[in-house]
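A.B. asks: Here you go, one structure.
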Amino acid sequence: MCVFSALAVVVSAGLFSAAALVPAPPAVLPLVVAVCVGAPMLAAWELRHSVGALRRGTAPLDSTAIITLRRHLDSLPETQHPLGL
């Protein structure tokens, strides 16, 4: 995950540099800025969740927890929708 985050920053910096050095069309500049800012932010968000899961000692998606949750949901009784939908 750390490598992915670092790679996102490097690629975003390269894209931004290319857009600055090669005259990009003005209509494309807002998209380039959004991607260059958004990609590292998304990578950092994913990295934060992965590190948090490692600190808690749990995997982000625990298959036994999902199976237990589905069994519990299957055991719940069915009820009618209050609005009759």
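A.B. asks: Apply the membrane-span-like helix rule to the chain: whole DSSP H runs, Cα extent along the own long axis of at least 20 Å, mean Kyte-Doolittle hydropathy at least -1.0. List the helices found.
C.D. replies: On the way: long enough: 2-21 (28 Å, 2.21); 29-56 (41 Å, 0.98).
Both cut-offs are met by 2-21, 29-56.
A.B. asks: Taking the solvent-accessible surface of protein heavy atoms with a 1.4 Å probe, what is the per residue accessible area of the chain in Å²?
C.D. replies: Values: 7160 Å² over 85 residues.
With all protein chains present, the chain gives 84 Å² per residue.
A.B. asks: Heavy atoms only, probe 1.4 Å: what % of the accessible area of the stretch 1-71 goes to carbon and sulfur, would you let me know? All intermediate terms of the calculation are to be shown ahead of the outcome.
C.D. replies: Values: 4240 of 5530 Å².
Reported share for carbon and sulfur atoms: 77 percent.
A.B. asks: Taking only DSSP H segments of four or more residues, each worth -39500 (n - 2.57), what value at 222 nm results for the chain once the sum is divided by all its residues, to the nearest 500 deg cm²/dmol? Walk me through the intermediate numbers first.
C.D. replies: Numbers: 3 runs with 61 residues, N = 85.
After summing the helix terms and dividing by the residues of the chain, the value is -25000 deg cm²/dmol.
A.B. asks: Also, I was wondering about something else. Does the chain come out rounded, prolate or oblate by the C-alpha gyration tensor, with a ≥ b ≥ c the root eigenvalues, rounded set by a/c under 1.5 and, if not, prolate when a/b is larger than b/c and oblate if not? Mind dumping the intermediate values first?
C.D. replies: Working: a/c = 5.81, a/b = 1.95, b/c = 2.98.
Judged from the Cα gyration tensor, the chain comes out oblate (a/c at least 1.5, b/c at or above a/b).
A.B. asks: Apply the a/c threshold of 1.5 to the C-alpha gyration tensor of the stretch 13-58 and tell me whether it is rounded, prolate or oblate. Walk me through the numbers on the way to the answer.
C.D. replies: Working: a/c = 8.37, a/b = 3.66, b/c = 2.29.
The shape class here is prolate.
The values are calculated or read from the model by the stated rules, or taken from the named source; none is laboratory data. These numbers were taken from a predicted model, which means no experiment stands behind them. Remember, those area values only see protein heavy atoms, side chains included, never the ligands or the DNA or RNA. Shrake-Rupley method; radii C 1.70, N 1.55, O 1.52, S 1.80 Å.
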